[in-house]
1. What size of dipole, in debye to the nearest 20, comes out for the chain about its Cα centre when the only charges are +1 on Lys and Arg C-beta atoms and -1 on Asp and Glu C-beta atoms?
2. Of the listed peptides 281-293, 188-200, what is their order by residue-averaged count of other C-beta atoms within 10 Å, with the highest listed first?
3. Starting from 0.36 nm per residue, how many nanometres of slack lie between Asp122 and Arg293 once their C-alpha separation is accounted for?
4. Show which lysines lie in cross-link reach of Lys261 when reach means a straight Cα distance below 24 angstrom and same-chain residues fewer than eight apart are skipped.
5. May I ask you to compute the full-extension gain from Glu15 to Leu93, defined as 0.36 nm times their residue separation minus their alpha-carbon distance, rounded to one decimal in nm?
6. Using a ≥ b ≥ c from the Cα gyration tensor of segment 12-147 (square roots of the eigenvalues), is it rounded, prolate or oblate, where a/c under 1.5 gives rounded and otherwise the larger of a/b and b/c decides, a/b for prolate?
7. Of Ala288, His268, Thr232, whose Cα points farthest to the positive end of the dipole of segment 187-294 (charges on the beta-carbon: +1 Lys, Arg; -1 Asp, Glu; origin at the Cα centre)?
8. Pop the C-beta distance of Ala56 and Arg226 into the FRET formula with R0 = 30 Å and round what comes out to the nearest 0.05.
Amino acid sequence: MVGTAHPNTGVEGVEGGVGVTALMVAAARAIETHRHDTLASDVYAEHFVLAAPASAAWPVRIQQVDDGDANPLWGRFARYFGLRTRVLDDFLLRSVRTSGARQVVLLGAGLDSRAYRLDWPDGCVIFEIDREGVLAFKRGVLDGLSATPKAARVPVPVDLRDGWVGALADAGFDPAAPTVWLAEGLLFYLPSAAETYLIDTVDRLSAGGSALAFEVKLDKDLMEYRDSPLYTSTTRQIGIDLLDLFDREPRPDSAGGLAGKGWSTSVHTPFDFTREHGRGPLPEDNDALAGNRWVFANKPRP
Ligand SMILES: C[S@@+](CC[C@H](N)C(=O)[O-])C[C@H]1O[C@@H](n2cnc3c(N)ncnc32)[C@H](O)[C@@H]1O
C-alpha cells in the first residue's frame, strides 16, 4: 500500500463507497447528452445509470427533475460534469493528434466511455485503470449493448492505492513511447501519499512528448463548504456524502511537483471554460467548486 487506511476500502463495485460516484458522473453525462445545447454527447451514460440498482431511479434527462436547472445536483453540478467531459475530451484528442502519442491511460476511469465515443487516430490503445468491480459492471453493460470501441481498449483492474505499475506493464503499457494520461475526478479520493506516488509514477513512466490532465481541489479546509447547496443536495437526493468520500489530508502540490520535474503546466478554474464555451457553472457564494482546478501538463521532448 502506498496510502493509509481510507473509508472507501472494501467496496469494490458501483454499488457503494467511492464506486457509486462513477454512476453520479454518468447520470450527469446522460443529462448533458440530452440537452439541446449539449457540450458532450455520451450515448452510453444513461445505460450505466439504468443498469445499476443504486442509480436506476435517478434522472437521465433534466426534464425528469422537478426543479430542473435550479436543482443544485442535476442542474449546476451536472453542468459542471458536462463541461469537464467536453474540456477533457478536447484535451485528449488534441494531445494524441499533436504529440503523436498512441497510448492513453485513464486513471480512475470509472464509466468513462471515451474509448467508444471519441474518434481516435489509428493505432491508439486506451488503458482504463479502476477497481475490479467497477470495470466488471462497465463491461457487463457495454457487452449487453454490443458496443464496439473506436480504439484498442485494455481494462486494468487495480487499486490505485496499491503499487499499480506492474499491472499496467503486464497489460502492455510501453514506457518508452509517449503517453497521454488523464486523472478526472480522482485525486481527491486518494490518500495524499497515493496522489504523490501517482504523479511521480506518471512522470517516471512518461517519455518526452507525454501529456497529463488532472483535477484537484485546492480548498484549505474542505469542510468550509459543507453547507453548500451542491454537497447538501447530493447527500439528500442520492445519498452520496462527497465530503465523507474525499480524503481530508492536506493535499500535495502536484502541479508544482511536475513543474519542478521540468513539465510545463497550466492551471485553470472550471469557470475559465464556462466563459469559453458559454455554458457551465459560474462562481457563486458558498461554492463547493471554488477550489476546483483543472491542470494540464506537458513533458518536453529531450
Ligand atoms: C467520480 S468517479 C470518476 C470516474 C471517471 N474518471 C469520470 O470522470 O467519469 C471516481 C472513480 O475513481 C475510482 N477510484 C477511486 N479510488 C480509486 C482507487 N483507489 N483505485 C482505483 N480507482 C479508484 C472510482 O472507482 C471511480 O470510478
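Readers should treat all values here as calculations from the given coordinates under stated rules, not as data from a laboratory. The shown structure was predicted, so the numbers you read here are calculated from the model rather than taken from an experiment. As a convention, Cβ positions derive from the backbone with ideal geometry for all residues, glycine included, and neighbour counts pool all protein chains shown.
1. It works out to roughly 820 debye.
2. For the peptides 281-293, 188-200, the packing ranking is 188-200, 281-293.
3. Roughly 58.4 nm would be gained on extension.
4. Cross-link targets: Lys217, Lys299.
5. 24.9 nm
6. It is oblate, given that a/c is not under 1.5 and a/b is not larger than b/c.
7. The one lying farthest along the dipole's positive direction is His268.
8. Calculated value: 0.55.
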